[in-house]
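S.K.: Pasting a structure here, questions to come.
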Ligand SMILES: [Zn+2]
């Protein structure tokens, strides 16, 4: 473009400008002015102030607030307004020419057709189609600068070019999307026939499972769960339970005492001290079940262990009788070994209950029928010894501040290992403390 030697300098204010009022005002009013009616056919690139407007016929443009006079139409009287968007540089009516639009279409289509991936395609869409700086967008802005007779045709050309580029975009989008989907299908393919990565499951300890099962049975009958310390004071473990310091039954407990000597502490030999603590701490009536670990100085063999689990129950209320004990134990025994099994109470002795009894339940394996014997479960006895029970000795109630004239109660207890061994035909009590997960797994992973 030749540098202008004419008077198109937009900054020149000494040039009269008959259209100055409209040039700086509403663009539409300028477009409709007679001096703007002519076609605009410049094909120059971005015009620069003072150089683009070489037509001296339009000196009035110089005073326009629009500082970028585009190349004016060479025909007399034709003049187009400057940009309507505030960026005169982007308005290039020549961009709407068939050749230019075709060039834009070819460039855009070629670029789009070679887009390597969806990201690149998206960038090309902005660059060629949708972006503010896209050639099509720039050309569209110039539409308004055309004289009305030419606008329709230019608009159609523009639309056609836009549609063609959009079609190229859509086609490439479909191709790339299909390629990506196919690639994802391959890359993320899962062979469902392959063996999975199995995480080995642990197992609940069979004693915990059994204890929880029995506790559930009592909770269903309205009992609460009570627990106490395993390092217990002599008074709770023995004296309050009617086992004075010189009581001969103490010797059968093979107690493990806790240092220092004279501290009065020992490892509880049964869960019965929890009954004492319960009576001392809870308001009457009391219905509690007490599961827990207990300790005795026993040598380990197939049926003895220095640590073993017990589960005890205690009910103290007004009017409690042996019949209540019997009915409760029947539910308990059947929860342990199955329904429909008979129970019996054999007279026995415990220091803390009076009267006392041993609870037996009919053998679930042979049910006492000689035809089904010999029976390994009950050694042909027909009965399985489950635990001890009795009516709470009044001395125990007194020790706990309970009036035996008003209240009575029953208590029962059992060894969890023995019950589990009978229930599951386990022959070695040591299996319960060995910690071999395969032993626990044989009982299942749940209850
Ligand atoms: Zn049997």
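S.K.: For the stretch 293-313, name all the residues that are under 21 Å from residue 250 (Cβ atoms) and either touching a helix residue (DSSP H, G or I) at 6+ places or on another chain (Cβ under 7 Å) or not in a strand (DSSP E or B) (or both).
M.R.: Selection gives 296, 297, 298, 299, 304, 305, 306, 308, 310, 312.
S.K.: Checking the structure you have, find out if any residue of the stretch 348-356 is within 16 Å of the ligand (Cβ to nearest atom) and either surrounded by 18 or more Cβ atoms within 10 Å (Cβ to Cβ) or at pLDDT 90 or above (or both).
M.R.: For the stretch 348-356, residues within 16 Å of the ligand (Cβ to nearest atom) and either surrounded by 18 or more Cβ atoms within 10 Å (Cβ to Cβ) or at pLDDT 90 or above (or both): absent.
S.K.: Let me ask something else about it. Might you let me know whether the stretch 320-331 holds any residue that is in the same structural domain as residue 431 (by TED's automatic domain parsing), over 42 Å from the mean Cα position of the chain (by Cα) and over 19 Å from residue 387 (Cα atoms)?
M.R.: Scanning the stretch 320-331, I find at least one residue that is in the same structural domain as residue 431 (by TED's automatic domain parsing), over 42 Å from the mean Cα position of the chain (by Cα) and over 19 Å from residue 387 (Cα atoms), so the answer is yes.
S.K.: Here is a follow-up. Does residue 286 satisfy being more than 24 Å from residue 384 (Cα to Cα), in contact (Cβ under 8 Å) with a residue 60 or more places away in the chain and within 48 Å of the chain's Cα centre (by Cα)?
M.R.: The answer is yes for residue 286.
S.K.: Examine the stretch 366-388 for a residue that is closer than 20 Å to residue 320 by Cβ and either near the ligand (Cβ under 8 Å from one of its atoms) or touching a strand residue (DSSP E or B) at 6+ places or on another chain (Cβ under 6 Å) (or both), and state whether such a residue exists.
M.R.: Within the stretch 366-388, one or more residues are closer than 20 Å to residue 320 by Cβ and either near the ligand (Cβ under 8 Å from one of its atoms) or touching a strand residue (DSSP E or B) at 6+ places or on another chain (Cβ under 6 Å) (or both).
S.K.: Find all pairs meeting these conditions: Cβ atoms under 9 angstrom apart; at least six residues apart or on different chains; first residue within the stretch 364-381 and more than 16 Å from residue 342 (Cβ to Cβ); second residue more than 7 Å from the ligand (Cβ to nearest atom) and not in a loop (DSSP other than H, G, I, E, B).
M.R.: Partner pairs satisfying both residue conditions: 380/370.
The values are calculated or read from the model by the stated rules, or taken from the named source; none is laboratory data. Computed from a predicted structure; not experimentally measured. Reconstructed Cβ throughout: ideal geometry from the backbone, glycine too, with neighbour counts over all protein chains shown.
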